[in-house]
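The next block holds one structure in the form of structure tokens; read it before the comments.
FYI, it's all coordinate maths here, none of it is from the lab. Here the structure is a predicted model, which is why all the values come from computation and not from measurement. Virtual Cβ from ideal backbone geometry, glycine too; neighbours counted across all protein chains shown.
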Amino acid sequence: MSRAEQIAANLNIVRARLARALQASQRAANSVTLLAVSKTTPPADVTAALAAGQQDFGESYGQELRTKHAAVDEILRANGASARPRWHFIGPLQNNKVKYVVGQVALVHSVASLDLARTIDSKAAAQGSLQECLVQVNVTGEAQKSGVAPADLPALLDGMASLVHLRCRGLMLIPPYQEDAEASRPAFAALRRLQERERAKVRPNVDLIELSMGMSHDLEVAVSEGATIVRVGTAIFGERT
């Protein structure tokens with residue numbers, strides 16, 4: 001089996017898992033976006049997944065995103081392909097790397113401070129564009145993880161409401177990895193409760209419709225707790241070397 005065939009087969013397996021999880025939760029078939037985490041994978045892997053019907057791809061490093069975006073476009077043009085990836089940025093984002101991301105991605109998943117939100121807004125304003133984003137919340141309080149503390153979320157959302165070139169579309173979570181997928185349920189449920197609480201408040205430019213949570217090993221649990229975006233890398237592209 002070729003690399004492209006393996007990726008297509010893996011995608012079919014993940015899609016079947018996602019379909020079963022949606023059915024078990026009595027949710028609509030199109031209510032969750034499958035985001036293929038393509039960080040550190042070669043451009044050919046992205047084009048193979050795209051050819052197999054995958055549209056959304058997640059990158060974690062600004063310069064890798066810029067380089068891969070260009071390389072994938074070059075391959076697609078050479079092949080006469082009409083489909084193009086919809087890129088997401090899912091990793092920690094430093095202010096000096098915002099220039100690689102704004103205007104290049106459909107969604108930034110990892111806004112964790114008002115300072116970063118303002119930098120994104122300023123860059124989008126200079127481009128005459130509108131950048132959609134999510135707020136990353138550190139529900140579990142891990143010192144090594146990025147994300148705003150739950151107690152500080154309301155103030156961050158209040159501040160983002162005044163940024164006219166940025167739209168906050170929801171919340172994102174990266175829980176600690178645990179072998180037992182069920183062990184992530186409390187974190188997923190906590191993020192959903194935060195979404196429900198803050199969504200009840202009317203803020204301009206803030207509409208918390210998305211929950212980005214769940215990965216290769218625990219996507220079923222995330223779906224059952226209300227995820228609208230699941231970020232799957234290993235189950236599609238294999239273990240990273």
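From the list Leu134, Leu130, exactly one residue is among the hydrophobic types (A, V, I, L, M, F, W, C), within 19 Å of the chain's Cα centre (by Cα) and crowded, with 22+ Cβ neighbours inside 10 Å. Which is it?
So the residue among Leu134, Leu130 that is among the hydrophobic types (A, V, I, L, M, F, W, C), within 19 Å of the chain's Cα centre (by Cα) and crowded, with 22+ Cβ neighbours inside 10 Å is Leu134.
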Ala190: passes all of (1) in contact (Cβ under 8 Å) with a residue 40 or more places away in the chain; (2) under 27 Å from Tyr100 (Cα atoms) but (2)
Residue count, the range 75-105, condition within 17 Å of the chain's Cα centre (by Cα) and not β-branched (Val, Ile, Thr), comes to 12
The correct count of residues that are within 16 Å of the chain's Cα centre (by Cα) and hydrophobic (A, V, I, L, M, F, W, C) in the range 19-34 is 2
Residue pairs within 7 Å by beta carbon, gap of at least six or interchain, first lying in the range 102-121 and under 23 Å from Arg231 (Cα atoms), second surrounded by fewer than 19 Cβ atoms within 10 Å (Cβ to Cβ) and hydrophobic (A, V, I, L, M, F, W, C), listed first then second, are none
When restricted to Ile120, Ile90, the only residue farther than 23 Å from Leu11 by Cβ and crowded, with 16+ Cβ neighbours inside 10 Å is Ile120
When restricted to Arg203, Arg192, Arg169, the only residue out of contact with any helix residue (DSSP H, G or I) (no Cβ under 9 Å at 6 or more places or on another chain), more than 23 Å from Arg17 (Cβ to Cβ) and not polar (S, T, N, Q) is Arg169
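Residues checked against (1) touching a Leu at 6+ places or on another chain (Cβ under 9 Å); (2) more than 16 Å from Leu194 (Cα to Cα):
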| residue | (1), (2) |
| --- | --- |
| Val137 | yes, no |
| Gly159 | yes, yes |
| Gly170 | yes, no |
| Pro176 | no, yes |
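Quick one: in the range 106-124, which of the residues that are aliphatic (A, V, I, L, M) and in a loop (DSSP other than H, G, I, E, B) is farthest from Lys145 (Cα to Cα)?
Start the filter on the range 106-124 by keeping residues that are aliphatic (A, V, I, L, M), which leaves 106-108, 111-112, 114, 116-117, 120, 124.
Now narrow it down to the ones that are in a loop (DSSP other than H, G, I, E, B): 106, 112.
On the way: Ala106: 23, Ala112: 11 Å.
So the residue we want is Ala106.
Table: residues versus (1) of a type in the set (Ser, Thr, Tyr); (2) out of contact with any strand residue (DSSP E or B) (no Cβ under 7 Å at 6 or more places or on another chain).
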position: Lys123; (1), (2): no, yes
position: Gly128; (1), (2): no, yes
position: Leu134; (1), (2): no, no
position: Ser146; (1), (2): yes, no
position: Pro150; (1), (2): no, no
position: Ser162; (1), (2): yes, yes
position: Ala187; (1), (2): no, yes
Next on the checklist: Taking the conditions exactly as written (β-branched (Val, Ile, Thr), within 30 Å of Ala49 (Cβ to Cβ) and in contact with a helix residue (DSSP H, G or I) (Cβ under 9 Å, 6 or more places away or on another chain)), does Val164 satisfy them or not?
Outcome noted: no
Exercise. Output yes when any residue across the range 42-58 is surrounded by 19 or more Cβ atoms within 10 Å (Cβ to Cβ) and under 18 Å from His217 (Cβ atoms), and no when none is.
Key: yes
Being among the β-branched types (Val, Ile, Thr), within 16 Å of the chain's Cα centre (by Cα) and either within 16 Å of Val230 (Cβ to Cβ) or crowded, with 19+ Cβ neighbours inside 10 Å (or both) narrows Val72, Val14, Val37 down to just Val37
